[in-house]
1. Could you give the length gained by full extension between residue 60 and residue 196, i.e. 0.36 nm per residue of separation minus their alpha carbon distance, to one decimal place?
2. Pull out the extension gain between residue 12 and residue 152, defined as 0.36 nm times the separation in residues minus the alpha carbon to alpha carbon distance; nm, one decimal.
3. Efficiency by 1/(1 + (r/R0)^6): what FRET value for residue 25 and residue 139, r their Cβ-Cβ distance, R0 = 25 Å, to the nearest 0.05?
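Readers should treat all values here as calculations from the given coordinates under stated rules, not as data from a laboratory. Values in this document were obtained by computation on a predicted structure and should not be read as measured data. We place every Cβ from the backbone using ideal geometry, glycine too, and count neighbours over all the protein chains shown.
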Amino acid sequence: MTGLPGVLLTDVVTVEPYRDVDSWDTATAVRCLVDETPSDLLTNTGTISDVTVRLFCPPDTDIPKGSKVTLADGRLGSVQAVAGRGLTSLFPVPKHIEAHVRLGVYAPTPIGAVTVTIVRRQVTGRDPYGNDVYGETRFDVAGVAVGQITSQDSQQPGNSRVTRQRTVVFPPGTSVSPQDRLIIFGQRWGIDGEPSVVVEPVLGLTAGIVVRAVRTTG
């Protein structure tokens, strides 16, 4: 079965494909079918009226989860989920991509497949004299988004030190502090400053924990 018939692609949206933490490709126009469904969500603060937007796109559309979307009327949103339809179906379903868009949400949610190890210095026991004995406790966190590396060379004469930084976004609820160390792709990184919480603006839910990882060499 081929893709969606062109006669059904009645809408044009602008898509900025997600690539990495705080990184999107250049905006491109995409022909698709836009379907909007109103919904009411009951929360502790009252009822929130919302709209679920689904995009039905050609199967070769570059629209990964986390992509920015601008609808024809100027409303902004981001892709929360993507699924292929009819790509392996035994039934005559036109091949296409279905993308769910959340309006008004541009927060960099933890969209990643990286496992990062958090290394924490903790009391692991006591010596014969009753003094605390410290050791490292390690635990892995999956689903972490790791940004690209930026570097800064020392400007001091004779100093070859290079400081590298990268943004790391942990899933909501992750316990991480400036005293912890991170192992990312086999390298040990420190944490610069306090972690910050990314809050989803509509419901006020935590979308992720952002830290700035640093590593100095030389």
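1. 45.3 nm
2. Details: separation 140, 0.36 × 140 = 50.40 nm, distance 4.17 nm.
Answer, rounded to one decimal: 46.2 nm.
3. Working: r = 34 Å, r/R0 = 1.36.
For R0 = 25 Å, the calculated efficiency reads 0.15.
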